[in-house]
Amino acid sequence: MKRLKSSNKCSLEEKIKKYEDRLNELDEMLEDPSVSTNSAKLNEISKEQNDISKKLDDLMLQWEELSDQL
């Protein structure tokens, strides 16, 4: 059972890393002048950032719960 929890924690960490990397990519996109002057693109990036942030919050809670159990 402990091995399963440990493997779930690793899987969560991989997902968290993937989402954090994507947030960094989006932040870099916002620095591009062609993006910062395009309101449609800004809205699209903002929405994706919000979606990812919510997912990250959920994943971090799950990670904390698994960490407490190990």
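The values are calculated or read from the model by the stated rules, or taken from the named source; none is laboratory data. Owing to the predicted nature of the structure, the values given are computational and were not obtained by experimental measurement. SASA here: full protein model, heavy atoms, side chains in, ligands and nucleic acids out. Shrake-Rupley method; radii C 1.70, N 1.55, O 1.52, S 1.80 Å.
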(request) Provide, as a two-decimal number, the C-alpha radius of gyration of the chain over 2.2 N^0.38 Å, N being how many residues it has. (result) 1.43
(request) Just tell me which aspartates and glutamates come within less than 16 Å, Cα to Cα, of LYS18; anything on the same chain fewer than 8 places away is out. (result) ASP27, GLU28, GLU48, ASP51, ASP57, ASP58
(request) Evaluate the relative contact order of the stretch 4-65 (contact order divided by residue number), counting alpha-carbon pairs under 8 angstrom at least 6 apart; express in whole percent. (result) 48 percent
(message) Can you give me the accessible area per residue for the chain, using a 1.4 Å probe, in Å²?
(response) 75 Å²
(request) Give me the angle, in degrees from 0 to 90, between the Cα long axis of helix 2-30 and the longest principal axis of the Cα atoms of the chain, rounded to the nearest 10. (result) 10 degrees
